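These notes concern the structure reproduced below.
The values are calculated or read from the model by the stated rules, or taken from the named source; none is laboratory data. In this text the structure is predicted, and so the values were computed from the model without any measurement. Every residue, glycine as well, gets a Cβ built from its backbone with ideal geometry; the counts of neighbours run over all protein chains shown. Ligands, DNA and RNA are stripped out before the accessible areas are found, and what is left, the full protein with its side chains, is counted by its heavy atoms. Shrake-Rupley method; radii C 1.70, N 1.55, O 1.52, S 1.80 Å.
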Amino acid sequence: MLEIKKIYHYYGKAKALEEISLKIEEKALDAVIGPNGAGKSTLLRVISGLEEPDRGKIEFLGERIDKLKAHKITKKGISHCPERRRLFFDMSVADNLKMGAYPVKNKEVYKAMKNFVYELFPRLNERRKQRAGTLSGGEQQMLAIARALMSKPKLLLLDEPSLGLAPKIKKRIFDVIEKIKQEGTTTLLVEQDAVLAMDIAENIHLLEEGKIEMRGTKKELEKEPRIKQVYLGI
Amino acid sequence: MEKLAKRIIAIVIIAGLGVGGGLGAWFLFLAPGAGEYSWSSKDCPGAPSGISSDQIIKFGITGDVGEITGDGAWEGCYLAAKEINEAGGIKINDTTYYIGVTREDSDEANPNLVTSRGIAAAERLVYNKKVQFGIGGFRSEALLAYQEVFMDNEIIFINTGAATDVFCENVRSWYTRYKYFWRSMPINSSSLGEQIFNYLFRLIYVLNATYSGEIANVGIIYEDLTWTEDLVTGIEYYFGPYGPLPAYRNMLTANIPYDVTLTAADMLTHVNTLMAADCDIVIPIISAQGGLMLMQHYATLQPNFLVVGIDVQSQLDTFWTQTNGDCIYEIQMQSIHVTNKTPTTIPFWNAFRAEWGHDPLYTASGSYDALNFIVWAINETQSLQAYPTLTQKMETATKANILANPELFPSSVGGLGAYWPTTHDLVAGYPFGFTLFCQWQANATKVIMPSYNSVYIDSQLSNIGTLILPPWLITDWTT
Amino acid sequence: MIVDIMNMLFNGTLTGAVYALIAMGYSLVYGVGGIMNLSHGAYFMLTGYLLLWMLQTPFFIGLEWLTVVFALIIITVIGGLTFLLLVKPLQDSHVAVVIVTFGLAFLLEQVVLISPSGTEVWSIGQLRLFQGYTMVFGYPIVHQYVFLIVMSIVIVLLFALFINKSKLGKSIRAVSQDREAAGLMGINASRILLYTVMISALLAGLAAFLYLPGASLDGPSMGWGYLLNSFAVVILGGMGSLIGSVAGAFIVGYTISFTNVFVPYGPSWAHLVPIIIIIVILLIRPQGLFGKKELR
Amino acid sequence: MLNLKIVKEKMNEFPSYLKSWVKTFTGSLTIFCLLILFVMPFLSANQSFTHVFLRQFSLAMIFAIFAASWDLLTGISGQISFGHAIFFGISGYICAYLIKYQSFPIWISIIISTVVAVFFGLAIGFPLLRLKGPYLALGTLAMSLILLKLFLMGSLADWLFGSEGISALPGLAATPVIEYFILFIFMILTFVILIQISKSKFGTILKSIRDDEVGSDASGINTTKYKIYAFMLSSFFAGLAGGFYALYIGAVNPTGNFGTVLSFFAILMASLGGLATISGAALGAFFFIFLEYALIEIGVVEIGNLAIDFGLYKFAIFAVILIVIIRFAEHGILKPLLERLKDLWDLLLGR
């Protein structure tokens, strides 16, 4: 579905991504794990068009997207739920969702998506009229994911959904992510909390200092001593 | 091979730049006559073609090109030069000379004044075009800066736009330097104040006789700038509680100095303040857009006062269309109108209209008079020497001399052109430079108001109209 | 006394209503794109002169109302072109945007100045919808200005409705809150900005159409004064805040008219008041009355 | 604090530094331009050359100093000022007042007025520097407008000389040529000092404040202190230019010396040349003044039946040129120009 071929990206002279290749199959849930500053968020930003890669190719459904602007990519079916949520804090929950459905022209689809999202996060339904800025951290994260889902994406990019949340709420969020996967949305998850990520992801990519160091399924990676030591803390 | 070709191209370009720069510099500065303005017959309207540059008496006009004041000064000079040249020029010691006129843009009417542009204009006139006489000026602060260029070079300069007293005070206080400075048009601020008061005093007297003492309160509204200061001080004194004329019980009930950047909403506030202060006569002292706003609100609100004063914009003949007729009933002061102020006024007016297609502004009549005044002195003395010959000749144009032998002096269009020998300022007061009070009346006509035998002798002026009071004012004053 | 108070209140409302329209668009553009559009005042001025030029054209005799439509369309297009040709390519540099819009304002001023009617002051009173006045408590209330105030309030309300309820309005708000996130939603931020600049030019044009027939064209440089006072309004209310700019407009309006009426020699100080407001507010509360902290 | 040894070492190093600098492309080009400027007055004794053209060059030098002072504040240290005319005007007024009403010698007046401008820089910088970006710009703009309006007011004319200001001041020098050389020397001094400052540690700190104020603060730099230094330094040179301008004109008045248009002159000239380059300010100033001169000189051009008066349309043409330059060369014309010239030069030398 998504194919990244030898992507390079620099911030000024500082290298952020180096020769990254990645392939995501339809209906898969892939996770990218790695330490802080490894380039995980940059990878998602490059895919969703917030940054233009300096070299390399990105193909989505057989179409090149690496030169497109973010809003065009969104319309192609990639939805990016950015780091630190980036909600429209001055707008109500309902309006945030409406903005999430910006590319959706069909009213029926919009209604269906709204119902789906409210089903997924009943809490949001209760707080429909509330300003996004007044929600709690967990609710804000739910809203961010819900907003990303509203455009009925073919590929969902999730950036650090567990950041700054209490363990209990983290768990709940990850349950939802799994549920989304089961609904059939292809998902690329970026997560610092390797334990949680490896629990739900099918393929796991380890990103360190801008390079993909390792990849494989949970079982394969669990055998690696470095993963064990550094990321799983076993 | 390719490298060589590129190298050759580089050499060509650099050589081209060098030669081009050098040639440009040579043409600009070094070539014979570079930067010098070559005077020819095309600078002398009405002169025969083929005259040499030595035969031209060179006049430089400073002013804002494209603005009414600067264009006025230019148009007046141009007309005067054309008339003199068409009449055969000037004979000095059997050589025929023609009048050449040229202008430089001093950009002085620009609200964002850049003083150096005025200086540059004056310098170009003096050093580049080598003018022998200067005429123009409008904005006091700009002229104050660039008049020095003319004084430095001992060139006679006649101001036809700035009313501030300070210019001619310079002549008195530092004669050796400023003796070349003259003023031919706007009557200075102090005299303007005097004339307003004289007129108003008579007007109120006459109106009170008709409407049995209804006119008691006066208000003034003016731009808070230096040029209005002396005028206001005078009016405050005359109409204030300790004025010389308590018998007429005229009271100054409203005194509104405003910032020139005011908006229509501000002006509405002021008009309402004037109404609330129960003013019967309001004296505006305005040069900018305030006058238009005042008259707009006046037409809408129909307040119980008469507007009599200085409103520079309303001197334009286009003011009626500019205001859509809202300026009706405004009485305002202006230097010139189509009337026989002097025997030459009406011919000048007609010639000017024929030449330029619109009525002359005060800077136009002033510059026309200025040029004629200098030419008269040249003719009389058969000399082009600024000092002492011309200056001393021009200084003989005093009040007493002109009254004794009017035929010996040039005929001015803005009133008999007499000058105070000490200040080189225009002598003000009938029959010398005096102002006319005009009223805008229905159908875009502007007529001269009678002065009730105080400022000027009415019967000698043509185009005298009758004062038309706004109907609502008559109702108010009679009931 | 009551007349003085009426005078202050009415004129304050009038001034406030005009500045609300001008400042609202200005503030919106700043809020959405961080763009300081110095040609905003020139839009106001140019609309006035467009109306004047068309009124002077024989073609429009009897079709005076068409001039308004044309003028508003032209000014909106000019606003759009400003964004597309000048602002968008330079968006990353604040100083460049400021200089280029300054250059445009200066150019428009010069174009008007060299036009045949550029050097004189003009009235476009033909476009007044209402004549006359009504006395209330001994104070004459001019109908045209009542119309302006009502229309201004209506436009402000419609505009608030548009921003809060319509999809375009909501996306404008989204872009102003988080441009990047808005892009991720599929919102084309630079097209939204284009619309915003066009809307702001339209609002400036509307202000000109409502106000200038009852006022006057004070020369090509008149735009700067209105621009400056909108600065005061926007800084007072908080950059990017719509409620702020409306509230700020009325506060500035009442302060000016209070100074005009009640302070001795006030009229000559009245236009210093907005500038002093700018300084004081900047020093006390830089984010303005309704502004958010993070806007600085 | 002042380590004499280091100063001495630097002094000793200077000739060799100068030597190597002259050999660089920019160095030799600068020397070449300075040489042209130096020989300029000797090219012609023609009055229209010395009294008109040279005077325009003198004006360009005054504005170059002024624009460079703005560039130090805005380009180098990132504090956007829209009211630079504050220092320009106040210095001009003080200078004029001292000469006219206190009969001070010209040079002492210029020194005092420059010092006063620095105090103004301190007094205005202290409260305003809490503001950032466009807000500071508006704050300085508002300050300059307050001064302008106060000086304009007729009712305050007894104290502030009203809208007519102070006139009839002596010139800076007896002849335009001497005036030209005085300004030439001061311009070179200004540029040497400002460029050295921008390259020094102080300049680096200012640039770091411009690029990342929070970061600089975090790394232990007292940003407020440095910003105020930049304000004072900038106002010093703006004040110097203001004093010279008053004497160049021979008069001061509110609109002519405090006008917003002057602040914008500084901005335009510096950004035409190129922000944060300092020497771009000189290029911008000369370009600006020369363009106006050239447009007036060209005057009316007749093409067939169409007569275009460049003198009349000069400001409109100006605006168009300004817009085009900023639009297509956002960072000014200095750097692209230098690069092109250098390419050409390299080609010529076969490199």
Considering residues that are of a type in the set (Val, Ile, Thr) and under 16 Å from B:TRP74 (Cα atoms), the number found within the stretch B:103-130 is 0
Name every residue in the stretch B:251-270 that is buried (at least 24 other Cβ atoms within 10 Å of the Cβ) and more than 8 Å from every other protein chain (Cβ to nearest Cβ), in order of residue number.
B:MET267
Residue check, D:LEU275 against (1) outside any loop (DSSP other than H, G, I, E, B); (2) open to solvent by 50 Å² or more (accessible area, probe 1.4 Å), all met but one. Which one?
(1)
With the structure loaded, tell me whether D:LEU312 is open to solvent by 50 Å² or more (accessible area, probe 1.4 Å), within 13 Å of chain C (Cβ to nearest Cβ) and within 20 Å of C:PHE106 (Cβ to Cβ) or whether it fails that test.
yes
Residues of the stretch D:245-272 being open to solvent by less than 10 Å² (accessible area, probe 1.4 Å), polar (S, T, N, Q) and within 13 Å of chain B (Cβ to nearest Cβ), which ones?
D:ASN253, D:ASN257, D:SER263
Just checking, which of A:LYS171, A:LYS152 is assigned to a helix (DSSP H, G or I) and open to solvent by 20 Å² or more (accessible area, probe 1.4 Å)?
A:LYS171
Residue ID - nearest to the other protein chains (Cβ to nearest Cβ), chosen from residues in the stretch A:33-64 that are aliphatic (A, V, I, L, M) and closer than 13 Å to A:LYS6 by Cα:
A:ILE47
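Here's the yes/no breakdown for (1) at pLDDT 90 or above; (2) small (Gly, Ala, Ser):
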| position | (1), (2) |
| --- | --- |
| B:ALA145 | yes, yes |
| B:ILE156 | yes, no |
| B:ASN188 | no, no |
| B:GLY213 | no, yes |
Considering only the stretch D:325-351, how many residues are at the interface with chain C (Cβ under 9 Å from one of its Cβ atoms) and open to solvent by 40 Å² or more (accessible area, probe 1.4 Å)?
4
Restricting to the stretch B:299-328, what's the tally of residues that are away from every other protein chain (no Cβ under 12 Å) and crowded, with 22+ Cβ neighbours inside 10 Å?
6
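Let's see how each residue does on (1) more than 27 Å from C:ASN229 (Cβ to Cβ); (2) touching an Asp or Glu at 6+ places or on another chain (Cβ under 8 Å); (3) surrounded by 21 or more Cβ atoms within 10 Å (Cβ to Cβ):
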residue	(1), (2), (3)
D:TRP107	yes, no, no
D:PHE119	yes, no, no
D:LEU128	no, no, yes
D:TYR135	no, no, yes
D:SER144	no, no, yes
D:LYS149	no, yes, yes
D:LEU156	no, no, no
D:GLY162	no, yes, yes
Does A:GLY138 meet the test of being touching a Lys or Arg at 6+ places or on another chain (Cβ under 8 Å), modelled with pLDDT under 90 and small (Gly, Ala, Ser)?
yes
Any idea which of (1) open to solvent by less than 30 Å² (accessible area, probe 1.4 Å); (2) within 21 Å of the chain's Cα centre (by Cα); (3) more than 30 Å from C:ASP178 (Cα to Cα) is the one C:ILE74 doesn't satisfy?
(1)
When you scan the stretch B:112-193 for strands (runs of 3 or more DSSP E) that lie fully inside it, which ones turn up with 2 or more residues that are open to solvent by 20 Å² or more (accessible area, probe 1.4 Å)?
none
Is it true that D:VAL301 is under 25 Å from D:PHE49 (Cα atoms), over 21 Å from the mean Cα position of the chain (by Cα) and surrounded by fewer than 21 Cβ atoms within 10 Å (Cβ to Cβ)?
yes
Pairs under 7 Å by beta carbon, first residue of a type in the set (D, E, K, R) in the stretch B:400-429, partner outside any loop (DSSP other than H, G, I, E, B) and surrounded by 13 or more Cβ atoms within 10 Å (Cβ to Cβ), six or more apart or different chains?
B:ASP425/B:CYS168; B:ASP425/B:ARG183; B:ASP425/B:TYR419
Which count do you get for residues in the stretch D:59-81 that are within 14 Å of chain B (Cβ to nearest Cβ) and at pLDDT below 95?
0
In the stretch D:163-181, what residues are in contact (Cβ under 8 Å) with a residue 40 or more places away in the chain and either in a helix (DSSP H, G or I) or among the hydroxyl-bearing types (Ser, Thr, Tyr) (or both)?
D:SER163, D:GLU164, D:SER167, D:THR175, D:PRO176, D:VAL177, D:GLU179, D:TYR180, D:PHE181
Between a residue in the stretch D:195-208 that is free of Cβ contacts under 8 Å to residues at least 60 places away in the same chain and any residue that is open to solvent by less than 50 Å² (accessible area, probe 1.4 Å) and not in a helix (DSSP H, G or I), which pairs come within a Cβ distance under 9 Å, given they are 6 or more apart or on different chains?
D:ILE205/D:SER77; D:ILE205/D:ILE221; D:SER208/D:ILE221
Residue within the stretch D:111-120 that is among the β-branched types (Val, Ile, Thr) and at pLDDT below 90 present:
no
